[in-house]
Structure formats: C-alpha cells, structure tokens
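Down below is the structure, laid out as structure tokens.
The values are calculated or read from the model by the stated rules, or taken from the named source; none is laboratory data. It should be emphasised that the depicted structure is a prediction, and the values quoted were computed from it without experimental measurement. Here the Cβ positions follow ideal geometry from the backbone for every residue, glycine too, while neighbour counts run over all protein chains shown. Side chains included, ligands, DNA and RNA excluded: accessible areas come from the protein's heavy atoms. Shrake-Rupley method; radii C 1.70, N 1.55, O 1.52, S 1.80 Å.
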Amino acid sequence: MQVALFFIFATLAVAGAVNLLVQRAPINAALSLVAVMGALAVLYLLLGAEFIAFVQILVYAGAIMVLFVFVIMLLNAQPDEASHRSRVARIIGVPALVALLVEFAGFLATQFSDSPVRMGEYISSTEDLGMALFHQYLLPFEVTSVLFLVGLIGAVLLAARREDPPAAMPTAVSSSSAKTTPAELVIR
Amino acid sequence: MIPLSYYLILSAILFCLGVAGFIIKTDVITVFISIELMLNGVNLSFVAFSHFLRDIGGNIFVFFVMVVAAAEAAVGLAIIIAVYRNRTTLNVDKMNLLKL
C-alpha cells in the first residue's frame, strides 16, 4: 500500500509540474503548483516528517500561493504570448535537459538503489524538531527572523505607491522653485 | 520497501521541470512559480535523506528553505508590482532596461 501511495502521489506531482509547463495562463500555473505541493505533502507524511507536511500545506500551499494568486489577479496577468524562440534553443535545449535528467537519475539509481525507506520506522516528531530548532539551531532561527523582518519592510517599501513626484529634472525644479510659496513646499 | 533512489529521482524530475519552466516561460510570475517548483524538488530530497540518515537536520533545513521562500516570494512579488507599475508589462523579454 505504501508503494501504491508513493506512485499515485509521485505521478500526481509530476503531472502537476508538467501541467505548469504546458499551461499558458499564470493562474493555471499557480494552481497546478498547489497540486504539486499537496502531493509532496503526502510524500512527506510517507517519510515520517509530519510537521513539515502540515507546514507545507499551511504555509506553502496556503499563504505563499495565495500571495501569488492575489498578485496574478491584482495585475490581471494575461496568458503569455509565445516568444520568438531560436531554433538552436529547441534543438539543443530539450536534449540537454533530458541528458541532465538522465544523468541525475542514472547516478541516483546506481548509488542509492539498495537503501530502502520504510514508512514509520523513523518519525521525526514535532517535539524533536522543536528541541533541535531551539537548542542546536537557535542562532540560525533568530537570524531568519531578522531576515523575515527585513523582507517584510522591503516588500512594503517596494510595493508602496510613491506620492511625491520623482526628483528628476533638477534644472526645471530650480527654475520653478522661485515661484513656489513656502506653503506649497510644505505640501510637497 | 521503496528505495531511497525513487524519492531522489522524483526530486530530480521536479527540479529539472522547474529549470525548464524558468527558461522557457516569458511571463515573470510563471518564472517565479518555476523557482518555487525547484525549491520544492530540493525539499523532497532533504526530507528523504533526513528519513534515511535518521537525522533531524534535514527537516530543519527544509524549515529554513520554506522561510527563505516566503521572504523571497514577498519581496519578489513586490518588485514585480513595482516593475509593472512602471513598465505595464509582465513579459521578461520586454524588461530589458535597468533604467526606467
């Protein structure tokens, strides 16, 4: 049953990823990525990583993808038009990607084929995870919280609409500044 | 039961599809989504190795990857909104100037 579960959800994940490539509209790509993430969460549960599985659903598929879908709807993203691709890219690119994948898969299959992974023989519980996170990895944890704060401030600053006009054209500003009253300067 | 290599090969497939999407897509949001797909592929191999080696460190690393992905998504989407406001396009082929 474990093997069946693995193959069902692995197929689902690969199908979602291929659908992401095939679809032209960004909203379809975002929703197929949600399908990939759901399938991966089941695989994490098979590997005994329960906390990671639920964080995958809550944070990744819940929060981050909602942000993506929100931006897609905010910008009214249309299906992308096909770019004028060169023929060299089609001739070389696809075989190169397949060769990379075959290289990866061949190495992994020969290297790790005799190392079975069984469900339930090692469960990384949330308690163990918390103990490791707040003892051994306390400094990285705090550093990531600072990183998060910087990211939050940066996102707000970048996406905020600028009210003041850009400080371009210094000559025009200097010529017109003689006519502006102090009250106008305060408003500006 | 399931060899570790199956998980790693699935992870490699997802990563390669993410690379392909990153390269062939012209829409900047879809390019960003492809990056998330690559991160997910790498996360799967981290969890698989964590299970195989009986070490909690892989799970911790996945946790940090998720944090960085969340920060990256917030900042990146803010940049996309700012660029769209100035250039009114999402096509990466048309975003070819550093100057406005």
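A few remarks follow.
- Between A:LEU5 and A:VAL66, full extension at 0.36 nm per residue minus the direct alpha carbon distance yields a gain of 19.2 nm.
- Restricting the range A:1-92 to trypsin sites (Lys or Arg not before Pro) in coil, as DSSP defines it, with at most 13 other Cβ within 10 Å: A:ARG85
- Once the Cα-Cα distance is subtracted from the 0.36 nm per residue extended length, the A:ILE27 to A:VAL14 segment shows a gain of 2.9 nm.
- Amide N of the range B:35-72 lying under 14 Å from the label point, which is placed 7 angstrom from the Cα of A:GLU127 along Cα→Cβ: none
- Each of the peptides B:69-78, B:82-91 was scored by the mean count of other Cβ atoms within 10 Å over its residues; in descending order, highest first, they stand as B:69-78, B:82-91.
- Carbon-plus-sulfur accessible fraction, the protein assembly as shown (probe radius 1.4 Å, protein heavy atoms only): 72%.
- Gyration tensor verdict on the range B:4-87 (Cα atoms; rounded if a/c is under 1.5, prolate if a/b is larger than b/c, oblate otherwise): oblate
- Cα centre as origin, Lys/Arg/Asp/Glu Cβ charges: the protein assembly as shown dipole, Debye: 1120
- Interface burial for B against A (accessible surface, 1.4 Å probe, total of both chains, Å², rounded to 100): 6800
- Residues in the range B:9-37 reached by a label modelled at B:ALA82 [backbone nitrogen below 18 Å; 7 Å Cα→Cβ]: B:28-29, B:32
- Rounded Å value of the spacing that divides the Cα centres of the range B:1-79 and the range A:1-63: 11
- When the range A:70-163 is described by a simple charge dipole with +1 on each Lys and Arg Cβ and -1 on each Asp and Glu Cβ, the residue from A:GLN136, A:MET73, A:TYR122 located farthest towards its positive end is A:MET73.
- Each Lys and Arg Cβ is given +1 and each Asp and Glu Cβ -1; about its Cα centre, chain B then shows a dipole of about 300 debye.
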